[in-house]
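Have a look at the structure below before the remarks.
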Amino acid sequence: MKKFSKMRYTFLGMLIMAILCATVIPALAAQSTKQLDAYYNDIKIVLDGAQITPTDVTGKVVEPFIVDGTTYLPVRAISEALGKDVTWDGNTNTVRIDEKSEPVTADEVGQAYAKILLADGGLQDCKINSATSEATNTWLVSFNVLPKDGPDAWMAGNGELGDNGWVINKSMYVYVVKTNGVVNLTVIGTGL
């Protein structure tokens, strides 16, 4: 077996790197980009009989287009025309479309949650300690309850047994949307 000189090893290493770069790098780039043929045909959008002009978040007109027979519309413009809130999460590359919510106060959130708890029928009383806005439409509600049949069923999760059968310092995360003056809550998880 013939010994390769140092120069031959260097040349062989450079050749292998060149082959890898020529095959691997374009393959990786193909995963993140794609060439499209988009057709802009002055597409109009009519919503409930009224034509809308789609714009981006800065107010610049954004034109719909067609790619491979599919018409693409700007999600923000369409969602806002339908009365929805639109947010972008750049960390997860997620467009979030939610009900447009009117401003809501901590008292309104607390009253609405107390009404839900009392409607259950298993409570004698309920007191809201606080309602704190944690994120868009998400609130942390802290409350105390006085169960009709004893505290056992209410001790799961968080909270502690207080005086006279009260379960105190319970908390729950709720998703809150206020539309046309009505506060709607959805429980989304146990609090602290």
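Would you confirm whether any residue within segment 118-135 is touching a residue at least 40 places away in the same chain (Cβ under 8 Å), outside any strand (DSSP E or B) and within 19 Å of THR105 (Cα to Cα)?
No, segment 118-135 contains no residue that is touching a residue at least 40 places away in the same chain (Cβ under 8 Å), outside any strand (DSSP E or B) and within 19 Å of THR105 (Cα to Cα).
Name the single residue, out of those in segment 151-190 being surrounded by fewer than 17 Cβ atoms within 10 Å (Cβ to Cβ) and touching a Ser or Thr at 6+ places or on another chain (Cβ under 8 Å), that is nearest to THR105 (Cα to Cα).
So in segment 151-190, the residues surrounded by fewer than 17 Cβ atoms within 10 Å (Cβ to Cβ) come out as 152-153, 155-158, 160-165, 169, 179-182, 184, 186-190.
Okay, now just the ones that are also touching a Ser or Thr at 6+ places or on another chain (Cβ under 8 Å), so 157-158, 169, 179, 188, 190.
Details: GLY157: 26, ASN158: 25, ASN169: 21, THR179: 13, ILE188: 19, THR190: 21 Å.
For segment 151-190, the residue satisfying everything is THR179.
SER142 versus (1) assigned to a strand (DSSP E or B); (2) loosely packed, with under 14 Cβ neighbours inside 10 Å; (3) of a type outside the set (A, V, I, L, M, F, W, C): which is the lone unmet condition?
Tallying (1) assigned to a strand (DSSP E or B); (2) loosely packed, with under 14 Cβ neighbours inside 10 Å; (3) of a type outside the set (A, V, I, L, M, F, W, C), SER142 fails exactly one: (2).
So, ILE128, is that one of a type in the set (A, V, I, L, M) and touching a Ser or Thr at 6+ places or on another chain (Cβ under 8 Å) or not?
yes
Considering only strands (runs of 3 or more DSSP E) fully contained in segment 63-117, which possess at least 2 residues that are outside the structural domain of THR186 (by TED's automatic domain parsing) and within 12 Å of the chain's Cα centre (by Cα)?
Of the strands (runs of 3 or more DSSP E) lying wholly inside segment 63-117, those with at least 2 residues that are outside the structural domain of THR186 (by TED's automatic domain parsing) and within 12 Å of the chain's Cα centre (by Cα) span 84-89, 94-99.
I need the full set of residues from segment 64-77 which are surrounded by 14 or more Cβ atoms within 10 Å (Cβ to Cβ), modelled with pLDDT of 90 or more and charged (D, E, K, R), in order please.
none
From the list ILE45, ILE97, exactly one residue is surrounded by 10 or more Cβ atoms within 10 Å (Cβ to Cβ) and modelled with pLDDT of 90 or more. Which is it? Give the derivation first.
Working: ILE97 fails: modelled with pLDDT of 90 or more.
That would be ILE45, the only listed residue that is surrounded by 10 or more Cβ atoms within 10 Å (Cβ to Cβ) and modelled with pLDDT of 90 or more.
Does GLY59 meet the test of being at pLDDT 90 or above, closer than 29 Å to LYS100 by Cβ and surrounded by fewer than 10 Cβ atoms within 10 Å (Cβ to Cβ)?
Spelling it out, it is not the case that GLY59 is at pLDDT 90 or above, closer than 29 Å to LYS100 by Cβ and surrounded by fewer than 10 Cβ atoms within 10 Å (Cβ to Cβ).
Pull out all pairs, ordered by first then second residue, where Cβ-Cβ is under 6 Å, the residues are six or more apart or on different chains, the first lies in segment 96-117 and is among the hydrophobic types (A, V, I, L, M, F, W, C), and the second is surrounded by 13 or more Cβ atoms within 10 Å (Cβ to Cβ) and in a helix (DSSP H, G or I).
ILE97/SER79
The values are calculated or read from the model by the stated rules, or taken from the named source; none is laboratory data. These figures come from a predicted structure and were not determined experimentally. Please note: Cβ atoms are built from the backbone with ideal geometry, for glycine as well, and neighbour counts cover all protein chains shown.
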